Amino acid sequence: MPQIKQVFTVRHPRPVVWAQFQDLPKVVQCLPGASLTELTSPEHAKGRMTVKLGPVKADFDGEMDIAADEATYTGTIVGTGTAKSHGSRAKGDVRYGLEPTADGAGTTVSVLVDYTLSGSLAQFARGGIVDAVADQICKAFAANLEQQLNAASAAAAPPAATERSAAPGPAIERPAAPVAPAGPSELNVIALLFAILRKKLSGLFSRA
């Protein structure tokens, strides 16, 4: 079974990142093209992944089983999805682990995915395309997660002393801190591939 390995770091302590990982709706918001359709329990959910391949768009409807071990800061997600309009099926077994960075201020997230892709869309599992796209998805997920955590941290922080008015009077209600935006409504694979190609060509010209 093919595998995808990804590692990324966010600048927030491990307990904070772990707590965010247990909030499935927020995690799904970080994943481009993904949406949560039903959360039946903390251990089971239904969702959708919308993938765009040029003019072709496929909606994968699926289910996932979730398990988390707070003692070891590890977890698993086992999911299956089917795009009926294209006769394609995907299955993934995700294992992740959180480790503190050397200074303790950040968290390194390691992800290992065993997957199978069958049907008309299986051709995109060839030639390293899946690995390249997964790398871009991981970067987008990490950036969205960092944005969410930053927004939550700003909202939880007490107001600065300099912002408090010394004059008597009613307290001024301040607007809530902005929240991180949800991920795109569809995962545009062609756009990701062009971004990867541009990056590779730029690297070749820079070395020339």
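Since every read-out is calculated from the coordinates, none of them should be taken as a lab result. Predicted, not measured: the structure shown is a model, and the values here were computed from it. Because the Cβ atoms are built from the backbone with ideal geometry, glycine has one as well, and the counts that use them run over all protein chains shown.
Annotations
- Fewest-first ranking of GLU63, GLU43, using other Cβ atoms within 10 Å as the exposure measure: GLU43, GLU63
- Look at the dipole of the range 1-151 built from charges on Cβ: of GLN147, ALA90, THR37, the Cα furthest out on the positive end belongs to ALA90.
- Whole-Hz couplings from phi, Karplus 6.51/-1.76/1.60, listed for the range 37-47; x for Gly and Pro: 9, 7, 10, 6, 6, x, 9, 8, 8, 10, x
- Approximate shape of the range 3-150 as ellipsoid semi-axes (Cα gyration tensor, √5λ), whole Å, largest first: 27, 17, 14
- Eligible aspartates and glutamates near LYS5 by straight Cα distance, threshold 17 Å, same-chain separation 8 or greater: ASP93, GLU99, ASP114, ASP131, ASP135
- Legend: ranking of residues PHE8, PHE60 from fewest to most surrounding C-beta atoms inside 10 Å; resulting order PHE8, PHE60.
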